[in-house]
1. So A62 passes all but one of these: (1) surrounded by fewer than 16 Cβ atoms within 10 Å (Cβ to Cβ); (2) touching a residue at least 24 places away in the same chain (Cβ under 8 Å); (3) of a type outside the set (S, T, Y); (4) not in a strand (DSSP E or B). Which condition number does it fail?
2. Of the conditions (1) in contact (Cβ under 8 Å) with a residue 24 or more places away in the chain; (2) under 17 Å from the mean Cα position of the chain (by Cα), S16 clears all except one; give me its number.
3. Scan the range 144-164 and tell me whether some residue there is acidic (D, E), open to solvent by 60 Å² or more (accessible area, probe 1.4 Å) and in contact with a Leu (Cβ under 9 Å, 6 or more places away or on another chain).
4. Among the residues of the range 119-131, how many are open to solvent by 80 Å² or more (accessible area, probe 1.4 Å), outside any loop (DSSP other than H, G, I, E, B) and either farther than 17 Å from L96 by Cα or among the small types (G, A, S) (or both)?
5. Residues being closer than 19 Å to A89 by Cβ and either open to solvent by 70 Å² or more (accessible area, probe 1.4 Å) or hydrophobic (A, V, I, L, M, F, W, C) (or both): count how many of those fall in the range 1-17.
6. Only residues that are open to solvent by less than 70 Å² (accessible area, probe 1.4 Å) and either in a loop (DSSP other than H, G, I, E, B) or within 20 Å of G68 (Cβ to Cβ) (or both): list them for the range 25-41, please.
7. Which members of the range 70-115 meet the condition of being part of a strand (DSSP E or B), among the small types (G, A, S) and either open to solvent by 20 Å² or more (accessible area, probe 1.4 Å) or on the phi > 0 side of the Ramachandran plot (or both)?
8. Taking T170, is it assigned to a helix (DSSP H, G or I) and either loosely packed, with under 12 Cβ neighbours inside 10 Å or without any contact (Cβ under 8 Å) to a residue 40 or more places away in the chain (or both)?
Amino acid sequence: MDNFAEQLVKRENLPSDNSRKTVMLIGEVLLVLVLGAIFVLTLGTFIAILALLLLIASVFGAKKLLEGFSVEYEYTLTNGELDIDKIIAQKKRKTLITIDVKKISKIAVFDENVPDNASLTIVLASDNIDSHEYYADFTHDDFGDVRLIFSPNEKILEAIKIYLPLRVRTELEKEN
């Protein structure tokens with residue numbers, strides 16, 4: 001019998017994300033005003049055509065950049081293999097990492113007491129809400145020693161526990 005669980009996690013925007021979006025919007029409005037003024041003042045010349053093309057390109061570019069702030073992560077666990085995908089603006093999907101859950105050496109709640117380790121590759125796939133975050137340390141064939149920071153719900157967590165080594169599962173259950 002296959003063991004399957006999946007979860008979609010929407011990343012919450014941080015205050016710094018909102019500040020960046022505001023600065024981008026202000027910059028875009030100023031750019032549109034300048035390019036619009038150039039277009040009107042040089043109407044009928046090559047420069048007007050160039051200004052119009054730049055105006056259109058800047059609007060589409062700003063739209064693409066703003067869409068980049070809409071990020072979701074999908075966790076899919078199938079028979080002990082955890083796939084983590086990043087979904088941008090509900091249009092573009094990219095696989096971040098695939099993990100053999102049996103290789104996880106530590107999984108616990110992520111808080112300020114978790115020691116930093118500069119030698120670890122960090123994979124961040126969380127909703128940015130501290131109370132939901134877990135971390136998992138493991139060795140990956142392509143990335144070496146990795147720390148995954150993610151926000152699993154109970155269903156995903158229970159499905160992961162089935163495949164964890166006994167020592168790791170016991171430590172996780174003691175913590176919860």
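The values are calculated or read from the model by the stated rules, or taken from the named source; none is laboratory data. These numbers come from a predicted model, not from an experiment. Positions of Cβ are generated from backbone atoms using ideal geometry, with glycine treated the same way; all protein chains shown enter the neighbour counts. Just so you know, the surface numbers come from the protein's heavy atoms only, side chains and all, with ligands and any DNA or RNA stripped out. Shrake-Rupley method; radii C 1.70, N 1.55, O 1.52, S 1.80 Å.
1. Of (1) surrounded by fewer than 16 Cβ atoms within 10 Å (Cβ to Cβ); (2) touching a residue at least 24 places away in the same chain (Cβ under 8 Å); (3) of a type outside the set (S, T, Y); (4) not in a strand (DSSP E or B), only one is false for A62: (1).
2. Checking S16 against (1) in contact (Cβ under 8 Å) with a residue 24 or more places away in the chain; (2) under 17 Å from the mean Cα position of the chain (by Cα), the one that fails is (1).
3. There is at least one residue in the range 144-164 that is acidic (D, E), open to solvent by 60 Å² or more (accessible area, probe 1.4 Å) and in contact with a Leu (Cβ under 9 Å, 6 or more places away or on another chain).
4. Of the residues in the range 119-131, 2 are open to solvent by 80 Å² or more (accessible area, probe 1.4 Å), outside any loop (DSSP other than H, G, I, E, B) and either farther than 17 Å from L96 by Cα or among the small types (G, A, S) (or both).
5. Qualifying residue count for the region: 5.
6. Taking the range 25-41 and keeping what is open to solvent by less than 70 Å² (accessible area, probe 1.4 Å), we get 27-28, 32, 35-39.
Answer for the range 25-41, where residues must be open to solvent by less than 70 Å² (accessible area, probe 1.4 Å) and either in a loop (DSSP other than H, G, I, E, B) or within 20 Å of G68 (Cβ to Cβ) (or both): G27, E28, V32.
7. The answer is S105, and nothing else.
8. In short, yes.
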